[in-house]
Every structure is written in C-alpha cells, then in structure tokens.
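Laboratory data are not the source of any read-out in this text; all were calculated from the coordinates shown. Here the structure is a predicted model, which is why all the values come from computation and not from measurement. Heads up, the Cβs are rebuilt from the backbone with ideal geometry, glycines too, and the neighbour counts pull from every protein chain shown.
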Amino acid sequence: MKKLAILIFAALIGFSAAAQNAKVTTAPSSNSKAVATSTIQKVVIQTNGVCSKCEALFKENVPFFKGVKDYAYDPKTAKMTITYDSKKTNPDLLRQQISKLGYNADDVKADPAARAKLPACCQVDKKPGQEAGCGHNHGGCSGHGNSGCGGCNGHKH
Ligand SMILES: [Cu+2]
C-alpha cells in the first residue's frame with residue numbers, strides 16, 4: 001500500500017514537470033508567430049515642397065516622427081516615401097504631421113500657421129510642370145537665393 005502511494009506521488013511529480021516543460025516550449029512559438037506578421041508598411045505622400053530648404057526641413061523632421069522606419073524624398077516630384085510601423089503610426093497621422101510642418105500632404109492641406117512661418121519662397125506653390133526650385137519667385141527669393149531661402153535653386157527666369 002505504501003509502495004502504491006509512492007508510485008502515485010512519483011507519477012504526480014512527473015506530470016507536473018512535463019506540464020512545466022510544455023509551458024516553456026509553447027511560449028517561444030507564440031512569440032515567433034507575432035514576429036512573422038510584419039507591421040512594416042510603405043506609403044507615398046505627395047507634398048508641395050519647392051526647394052532644397054523644404055527638403056532639409058522634411059529631413060530634419062519626418063524621419064523622427066513616431067513609428068517611421070525609413071524616409072526618402074524626391075525633390076523633383078515633392079513625393080515622400082515613408083516606411084513605417086503600422087502598430088505605431090498610420091498614413092493619416094503622417095499626413096497630419098506633415099501638415100503641421102506647413103506643407104500639403106495628399107488631400108490634407110498645410111496647417112496655415114505653420115506654413116506662415118516658412119521662408120517666403122517655400123510658401124509659394126509650385127506650378128505643375130515647373131522645375132524644382134524657387135525660380136520665378138523674385139519676391140520670396142530676393143537676391144537670387146542670397147536671402148530668405150538659402151536653398152533655393154534660383155536664377156531661373
Ligand atoms: Cu523651400
């Protein structure tokens with residue numbers, strides 16, 4: 001009778017040990033499942049940046065928005081390509097943040113207060129087909145880029 005009790009006791013210990021082992025092995029597998037589902041996404045946003053000063057401002061800000069993993073900007077088209085973590089941000093939020101810098105972002109219009117603080121030539125909307133730069137804007141880029149908008153590719157008459 002005593003022997004049977006020991007056997008049952010041993011069996012119980014063995015069972016609980018097995019259960020603990022099972023727990024340890026299941027935990028990592030559920031983690032790896034979460035990693036497999038990528039939340040990294042890419043979005044292209046049309047802005048209305050006009051010159052290299054705009055480009056510099058974007059570069060100083062957009063890569064540091066929450067959830068942004070990678071950022072590229074094409075000054076010819078004023079399009080931004082943003083790689084982001086969809087768990088931390090989303091395209092609508094990114095457009096709002098770009099608007100707060102003073103620029104249009106797709107359908108989201110620039111925040112007027114932020115835009116008013118930009119250098120004068122950066123506030124001028126580029127006409128479709130016009131080359132990148134602040135050419136044709138003699139008021140804003142007075143002195144052909146010597147003041148107001150140092151980054152302007154002036155001298156376009
Ligand atoms: Cu500019």
Vicinal HN-Hα couplings computed from phi for segment 91-97 (Karplus, 6.51 cos²θ - 1.76 cosθ + 1.60; Hz; Gly/Pro x): x, 5, 5, 4, 5, 4, 5
Cβ under 13 Å from Y84's Cβ, Y84 left aside: what net charge do those residues give with Lys, Arg +1 and Asp, Glu -1? +3
So, counting K/R as plus one and D/E as minus one, what does the shell of residues with Cβ under 10 Å around L94 add up to? 0
Each label sits 7 Å from Cα toward the beta-carbon; between D70 and Q46 the label points are separated, in nm, by 2.4
Please give me the summed charge of the neighbours of V44: other residues whose Cβ is under 13 Å from its Cβ, Lys and Arg +1, Asp and Glu -1. 0
Other-chain or far-sequence residues with amide H under 5 Å of N104's (modelled H): N48, A110
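Which peptide among 78-85, 110-117, 56-63 comes first, and what is the full order, when sorted by highest mean count of other Cβ atoms within 10 Å?
Ranking the peptides 78-85, 110-117, 56-63 by packing returns 78-85, 56-63, 110-117.
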Please tell me the relative contact order of segment 40-119 in percent, rounded to the nearest whole number, where contacts are Cα pairs under 8 Å and at least six residues apart. 30
Amide H partners (placed H, <5 Å) of K79, local residues excluded: T47, D74
